[in-house]
Amino acid sequence: MLQLIPAPLHRLALRVAYRLRNKIRRATGVAQDGVMIIGKDFEGQILLVRHSYGPDEWFFPGGGIASGEAPEAAARRELREETGCEIDGLRLVGTVDETISGGAHKGYLFEGVVHDMPEADGREIVEARFFPTHSLPQPLNRITQQRLEMWQARKS
């Protein structure tokens, strides 16, 4: 249904919603639990995205967990919504209890293999690409950097 809204108006609505969500987090001290996905291709490159709202940084695909939704289902849904990709071998890497925008938050980090080429929708996501781990784009979001380090430490 959101596809009926012209893309520029949709991007504007996302920027407003992003600011409003951060204010609500600060006011209530609660943030929705979320997922991040480290999607790897067959060469071991990892998938990163840039959003049309928020900081102009690179992130792992991910987002909020809906009420009653399992974290694994949220990871699959968010990856599909943001990149059009499906993932195989989805596995929980770990969880993190933290504060985001003043709200308590539990983050779930998943990994798996992505067989598809990612496509940015031009609305929420303006760019989605695979990168070799030794040559990641900058600026890399702080939380994404922390999750990357967590993932690399678990592989060692």
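The values are calculated or read from the model by the stated rules, or taken from the named source; none is laboratory data. Only a predicted model underlies this, so the values are computations on that prediction, with no experimental measurement involved. No Cβ is skipped: glycine too gets one built from the backbone with ideal geometry, and neighbour counts run over all protein chains shown. The area values use the complete protein model at the heavy-atom level, side chains included, leaving out ligands, DNA and RNA. Shrake-Rupley method; radii C 1.70, N 1.55, O 1.52, S 1.80 Å.
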If I stretch the segment between Arg26 and Glu81 completely, what's the gain in nm (0.36 nm per residue apart, minus their alpha carbon distance), one decimal? 17.1 nm
Note down the nm distance, to one decimal, between modelled labels 7 Å out along Cα→Cβ at Asp88 and at Glu119. 2.1
Just need the relative contact order of the stretch 75-156 here, percent rounded to a whole number, with Cα pairs under 8 Å and 6+ apart. 26
At least 27 Å along the helix axis (C-alpha) and Kyte average at least -0.5, DSSP helices within the chain: 7-28
By DSSP, what percent of the beta bridges with both residues in the chain are antiparallel, rounded to the nearest 5? 70
Going highest first, how would you order 28-40, 6-18, 44-56 by mean Cβ packing within 10 Å? 28-40, 44-56, 6-18
The FRET efficiency for Ser101 and Glu69, from their Cβ-Cβ distance with R0 = 35 Å and rounded to 0.05, is 0.95
Full-stretch length increase - Leu9, Gln146 - with 0.36 nm per residue and alpha-carbon distance subtracted: 46.1 nm
Provide, as a two-decimal number, the C-alpha radius of gyration of the chain over 2.2 N^0.38 Å, N being how many residues it has. 1.01
Average accessible surface area per residue within the chain, 1.4 Å rolling probe, Å²: 54
Compute the separation of the alpha-carbon centres of the stretch 112-127 and the stretch 23-75 and state it in Å as a whole number. 13
Structure-based [θ]222 nm, the chain - -39500 (n - 2.57) summed over DSSP H runs of at least 4, per residue, nearest 500: -10500 deg cm²/dmol
Which percent of the accessible heavy-atom area of the stretch 17-56 goes to carbon and sulfur, probe 1.4 angstrom? 51
Surface share of carbon and sulfur [accessible, 1.4 angstrom probe, percent] for the stretch 71-140: 47
